[in-house]
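**Q** Sharing a structure with you now.
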Amino acid sequence: MKETKVYRELPTVAMRGSVVFPHTDSFLSFGREKSIAAVNAAFQSDRVIAIFNQKDPRKIDPELSDLYRVGTVAIITQMMSSENEIHAMVKGQSRINLEDILKTEPYLISKITEIKEKEVDDLSVEPLARELSELFKKAVNMGKGVDVPTIMRIMSRHVEPVELVDSVAALLDVKPREKQKLLEMISVKARLERVLELLNHEVNVLELERVISTKTQKRFEEQMKKAMLREKKRTIEEELGEDDESVDSEVVEFKEKINKAKMPKDIRKKALKELKRLELMSPHNPEGAYIRNYLDWLCDMPWSKISNKKVSVKKAAKILDEDHYGLDKVKERILEYLSVMKLKENGRKNGKKDNNKFYPTILCFIGPPGVGKTSIGKSIARSLGREFVRVSLGGVRDEAELRGHRRTYVGALPGRIIQGIKDAGTKNPVFMLDEVDKLGADYRGDPSSALLEILDPEQNKEFSDHYLEVPFDLSEVTFICTANVADTIPLPLLDRMEIIRFAGYTEDEKFNIAKKYLWPKQVRLSGLEDYKIDIDDQAIYEVIKKYTREAGVRELERTLATLCRKVARSIAEGKKYPKILTSIDVKSFLGAAKFRSQIAEEKDEVGIATGLAVTPTGGEILFIESTLMPGKGKLTLTGQLGDVMRESAKAAFTWTRSHWKELGLFSEFGRETDLHIHVPEGATPKDGPSAGIAMMTSLVSALTKIPIRRDVGMTGEITLRGRVLGIGGVKEKVVAGHRAGLKTIILPRENEKDMEDVPENVKRDIKFVFVDRMNEVLEIALTKKLSSLTKKNGKRKQKVLATSVIS
């Protein structure tokens, strides 16, 4: 006979993350307005309430589709109100099915039907219930957290299987979704089997935890026992007056290291004091590891180890010439330094007293990337027979990177200076501080201030690292710094160093470097030695002129490496390959040329002047463009120009306005014409006064409509009186002009003395003109003389002026 469904309408609450089972007591908290209203309404009526679990706990105002269809009807046994919440003790009665939501305001009222349990009288249910009861008892004995009344109720012999399985299910340590599945199981047998499976998994986890806990406790007890026995042993040995060095091998080992390190007296005393602390310390004290690490650093430092001090100036010169082409001034300064060192050493050998100790000069190599600053440092170390250490300071912002961290910090280590000395193994290595111009500073300190002590020979003989906390003598270290520009180096630091500037290479120097050093190196690295692959001179020049544009030779080396790889691939694939690479092979392997070799191919232009500038990557040519338009005498400057460059442009404009007669201009042009000066490559910041004469020439050309000679470059600062003042970086600028194909370069007369630094081949190819005043610049740079234009325009000026008066 078909059962008739009995429908009931009850106040309903939606639970988030909590599942209430029949036959169980649950303590619930309600915070949402509708849930509080439903609980109050049920408690004031017959205390019966319907409880359903939400599918998504994030839903604030759930609807019918947001609730699971199987829930529990419960009786509210106790209720307590607090601020914005209600707490209630409920007892689950039976499973119910959610048929519909009848009302949503002011609280949910649902239409429900009761679900009858299945297989309650099945013969297999009883054995399963007894097994579940035993397994639950085992879980409680192993430490599962359950309150005593619940344990007593579940373990009672009078508990029914249905009540037992629901009570245990409520106590399982599983996710709410799994508990909802158990609530939806109508079959008591299936529910018993699933709860048994889940509880058995919990018991296995508890057993594993107990095993781990037992092993940990046993290990701890053994360690405590050994520590106590060791302390007793040490006490007995002290009472008997026995020396424990023969027993404690670690202490003996450290003592031997301290003796071999040949430390200064006060430092040895500190090391032995730390060793005594370690000896008296428990082996399991975590501070012991810090002391061991500290003693290792003290013992590994080269307190008295010195590299070979014999200096051979001839040998050094030979090594420098072998490793580097050109750089004559740099080599000359290095050999002077070695000569002084040699004479000082010979004086001491001859028994002469010399109270003035020889302190190595701090050299600072400044130049564009790829010109050999770092590699010549290695050559200096090789020529001196010393170890070479290199530390890059680019981006370092923390003073502790140089001075080290104090030992109070976890993972503390000495700074990079002490680490470098330790790695070198001697106290007089050649120590290169690379990219010193890229040091930063923030709230952690200023590393450049720490370098003041490190690089000062009067102070660094007692340099104290924060980690070691003992003085170390750095006065015998040969420090060499490198930088791309000097502007960003703090003045106090710059004052402690002797600046040696590296200019960009000329084409001939690049050719010799490529021929003698770079090509053989790349052939060797590419595995082509056995195939005797070579490159002719014209092909090297082709690469230099058309595929690279740089002050150094790094891109040149990469391009030569590309050629070697192309040949290597042809050999590996069994294809025909050239034995000697020519210009045709270069074009075939590298594709179309990246750069034009000459700017002289361009035509003469009005308002476009060629300036010369120095950048961190070397010398460059700089095009300055000027144009006119009707207006009110406004001067516009673009191209991301700095303040100094803007002032140069304004000075040029003022000079032009004040010399309108000499230039053949109309007197009213400054009030009727707007001028725009632009320096291309607007994304690159530009600054400095040396573009003054180029800006002036560009302005005059635009105003007079006279083209500027395409093969003339110029550099120099201007004044309001038209004087041309001296500038810096002459060699770099001249080399850049030579590289770009200029035939004439205009320089300030003050810079005539700097021509001795310019390579001879550049002097042969370029005509240099030295000037004092701006009118000399215009005579050379413009294609026509201004005097002829003045005469030609004289009558026209008078006519225009007369017309303006009459009108």
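The values are calculated or read from the model by the stated rules, or taken from the named source; none is laboratory data. None of the values given here were measured: they were computed from a predicted structure. Reconstructed Cβ throughout: ideal geometry from the backbone, glycine too, with neighbour counts over all protein chains shown. Side chains included, ligands, DNA and RNA excluded: accessible areas come from the protein's heavy atoms. Shrake-Rupley method; radii C 1.70, N 1.55, O 1.52, S 1.80 Å.
**Q** When you count, for each residue, the other Cβ atoms within 10 Å and take the mean per peptide, how do 692-701, 255-264, 375-384, 458-467 rank with the highest first?
**A** 692-701, 375-384, 458-467, 255-264
**Q** Return the FRET efficiency for the residue pair Val159, Glu221: r is the Cβ-Cβ distance, R0 is 30 Å, and the value is rounded to the nearest 0.05. Don't skip to the answer; put the middle values down first.
**A** Values: r = 42 Å, r/R0 = 1.40.
Approximately 0.10, to the nearest 0.05.
**Q** I'd like the isolated cysteines in the chain, meaning no second cysteine's beta-carbon lies under 4.7 angstrom from theirs.
**A** Isolated Cys, the chain: Cys299, Cys564.
**Q** So, one more: Taking square-rooted eigenvalues a ≥ b ≥ c of the alpha carbon gyration tensor, is the stretch 120-269 rounded, prolate or oblate, where a/c under 1.5 means rounded and, failing that, a/b exceeding b/c means prolate?
**A** Taking the square roots of the gyration eigenvalues as a ≥ b ≥ c, the stretch 120-269 is prolate.
**Q** If you don't mind, there's one more thing I want to ask. Taking the Cα atoms only, what angle lies between the long axis of helix 730-740 and the longest principal axis of the chain, rounded to 10 degrees?
**A** Orientation of helix 730-740: about 90 degrees from the principal axis.
**Q** Determine, from the Cβ-Cβ distance of Leu628 and Phe595 and an R0 of 35 Å, the FRET efficiency 1/(1 + (r/R0)^6), rounded to the nearest 0.05.
**A** 0.65
**Q** I've got another one for you. If you rank Arg32, Arg219, Arg657, Arg191 by how much accessible surface each has, with a 1.4 Å probe, what is the order from largest down?
**A** Largest to smallest exposure gives the sequence Arg219, Arg657, Arg32, Arg191.
**Q** For Ser82 and Thr562, compute 0.36 nm times the residue count separating them, minus their Cα-Cα distance, and round to one decimal in nm.
**A** Between Ser82 and Thr562, full extension yields 164.9 nm more.
**Q** To continue, here is another question. Using per-residue counts of other Cβ atoms within 10 Å, averaged over each peptide, order 570-576, 225-231, 46-52 from highest down.
**A** In descending order of packing, they fall as 46-52, 225-231, 570-576.
**Q** Given R₀ = 22 Å, what would the calculated FRET efficiency be for Gln538 paired with Asp765, taking r from the Cβ atoms and rounding to 0.05?
**A** Values: r = 18 Å, r/R0 = 0.82.
Efficiency for this residue pair is about 0.75.
**Q** As I understand it, the dipole of the chain uses +1 on the Cβ of Lys and Arg and -1 on the Cβ of Asp and Glu, about the Cα centre. Which of Leu206, Ile334, Phe30 lies farthest toward its positive end?
**A** Sorting the options by dipole projection puts first Ile334.
**Q** Cross-link list Lys510/Lys753; Lys427/Lys515; Lys315/Lys427; Lys91/Lys175; Lys34/Lys175; Lys461/Lys516: which exceed 31 angstrom alpha carbon to alpha carbon? Walk me through the numbers before you get to the answer.
**A** On the way: Lys510/Lys753 25 Å; Lys427/Lys515 38 Å; Lys315/Lys427 23 Å; Lys91/Lys175 21 Å; Lys34/Lys175 26 Å; Lys461/Lys516 42 Å.
Beyond 31 Å between Cα atoms: Lys427/Lys515; Lys461/Lys516.
**Q** At 0.36 nm per residue, minus the direct Cα-Cα distance, what do Arg444 and Lys661 gain on full extension? Give it in nm, one decimal, please.
**A** 72.0 nm
**Q** Could you report the chain's accessible area per residue, 1.4 Å probe, as an integer in Å²?
**A** Here the per-residue accessible area is 53 Å².
**Q** Something else now. For Gln459 and Val203, calculate 0.36 nm times their separation in residues minus their Cα-Cα distance, and state this gained length in nm to one decimal.
**A** Stretched fully, the Gln459-Val203 segment lengthens by 85.2 nm.
**Q** If I model a spin label at Glu605 and Asn259 as a point 7 Å from the Cα along the Cα→Cβ vector, what separation in nanometres do I get?
**A** Inter-label distance under the simple model: 8.0 nm.
**Q** Assuming a ≥ b ≥ c are the square roots of the Cα gyration tensor eigenvalues, decide whether the stretch 1-145 counts as rounded (a/c under 1.5), prolate (otherwise, with a/b larger than b/c) or oblate.
**A** Oblate.
**Q** Could you derive backbone 3J(HN,Hα) for the stretch 77-94 from the dihedral phi with the Karplus parameters 6.51, -1.76 and 1.60 (θ = phi - 60°), listing whole Hz in sequence and x where the residue is Gly or Pro?
**A** Each residue's phi maps through the Karplus curve to give 8, 9, 8, 9, 9, 9, 5, 6, 9, 10, 10, 9, 9, 10, 10, x, 10, 7 Hz.
**Q** By the gyration tensor of its Cα atoms, with a ≥ b ≥ c the square roots of the eigenvalues, what is the shape of the chain: rounded for a/c under 1.5, prolate for a/b over b/c, or oblate?
**A** The shape class here is oblate.
**Q** Based on the mean of other Cβ atoms within 10 Å per residue, sort peptides 315-326, 740-751 so the most packed one is first.
**A** For the peptides 315-326, 740-751, the packing ranking is 740-751, 315-326.
**Q** Still on this structure: Using helices alone, what [θ] at 222 nm do you get for the chain, with -39,500 (n - 2.57) per DSSP H run of 4 or more residues, divided over all residues and rounded to the nearest 500?
**A** Details: 28 runs with 353 residues, N = 807.
Computed ellipticity for the chain at 222 nm equals -14000 deg cm²/dmol.
**Q** Here is a follow-up. What are the extents of the Cα atoms of the stretch 483-633 along their three principal axes, listed from largest to smallest and rounded to whole Å?
**A** Each principal axis gives a Cα extent; for the stretch 483-633 these are 72, 50, 23 Å.
**Q** Let me ask something else. At what distance in nm do the modelled label points of Asp423 and Glu99 sit from each other, each positioned 7 Å from its Cα along Cα→Cβ?
**A** About 8.2 nm, to one decimal.
**Q** Place a point 7 Å from the Cα of Val251 along the Cα-to-Cβ direction; which residues of the stretch 259-297 have their backbone N under 14 Å from it?
**A** 272-283
**Q** Okay, next question. Within the stretch 74-96, name every residue whose backbone N is under 14 Å away from a label modeled 7 Å from Cα of Glu114 along the Cβ vector.
**A** What the label zone holds, given the 14 Å backbone N cut-off, is 74-75, 92-96.
**Q** At 7 Å along the Cα-to-beta-carbon direction for both Ser124 and Asp757, put a label point, then send me their distance in nm to one decimal.
**A** That separation, rounded to one decimal, is 9.9 nm.
**Q** How much of the accessible area of the chain, probe 1.4 Å, is carbon plus sulfur, in whole percent? Before the final figure, lay out each step's value.
**A** On the way: 21690 of 43040 Å².
Reported share for carbon and sulfur atoms: 50 percent.
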